[in-house]
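A.B. asks: Sharing a structure with you now.
Values quoted throughout were computed directly from the atomic coordinates according to the rules given, and no laboratory measurement underlies them. Bear in mind the structure is a predicted one, so any value in this text is a computation, not a measurement. Neighbour counts are summed over all protein chains in view; Cβ atoms, including those assigned to glycine, are modelled from backbone coordinates with ideal geometry.
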Amino acid sequence: MTLQPIRAALASAFTACLLSATAIHAQPMPPGGAGVPRSLRGLDLSEAQQDRVFAILHAQAPRQRELEKSERKAHDALHAFRERAEFDQNAAKSQAQAYATAIAEQELLHLRTDAQLMALLTPEQRAQLRERFDGPPDDRGQARRSAKQSGNGRDARLPRAGAEAPRE
């Protein structure tokens with residue numbers, strides 16, 4: 001058996017990978033810049049606005065991570081009650097409250113971030129954003145204001161950050 005056909009196939013595959021990697025890196029940045037939440041893309045943000053969006057999202061990332069961990073721990077502890085033979089009402093209630101508090105804290109953080117992001121937009125950009133979310137259903141037949149964000153399943157709010165950037 002000769003290795004020549006195998007070497008030729010491997011060389012072709014390697015060349016194809018190199019060419020496709022070059023094409024991928026040549027793709028333009030999404031409108032609005034890298035790290036801009038999906039909801040703000042297409043608003044023609046200035047470079048200063050993009051920098052401010054980044055700063056807002058970057059500043060809240062540690063707190064968001066902390067709250068996500070708290071929610072996960074509370075959820076897991078609450079879920080553990082399903083596996084117990086005996087039910088402890090007070091302990092379950094305490095865990096349910098801890099879980100609710102973690103979720104509420106995250107929502108407050110999201111609302112604060114939303115307000116900060118809306119404050120840096122011009123009146124025209126805010127109007128454009130409102131029109132986008134209050135407008136008719138998009139091409140997929142789903143109302144934009146109820147579109148789910150990838151990953152966490154929460155509603156896309158004005159101008160809540162998407163999965164591509166951390167949120168405050």
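A.B. asks: Using a basic spin-label model with each label point 7 Å from the Cα along Cα→Cβ, how many nm lie between E86 and R126?
C.D. replies: Modelled inter-label distance: 5.8 nm.
A.B. asks: Please list, in order along segment 37-52, the HN-Hα scalar couplings obtained from phi with the Karplus expression 6.51 cos²θ - 1.76 cosθ + 1.60 (θ = phi - 60°), rounded to whole Hz, x for Gly and Pro.
C.D. replies: x, 3, 5, 9, 5, x, 8, 6, 5, 5, 4, 5, 5, 4, 4, 5
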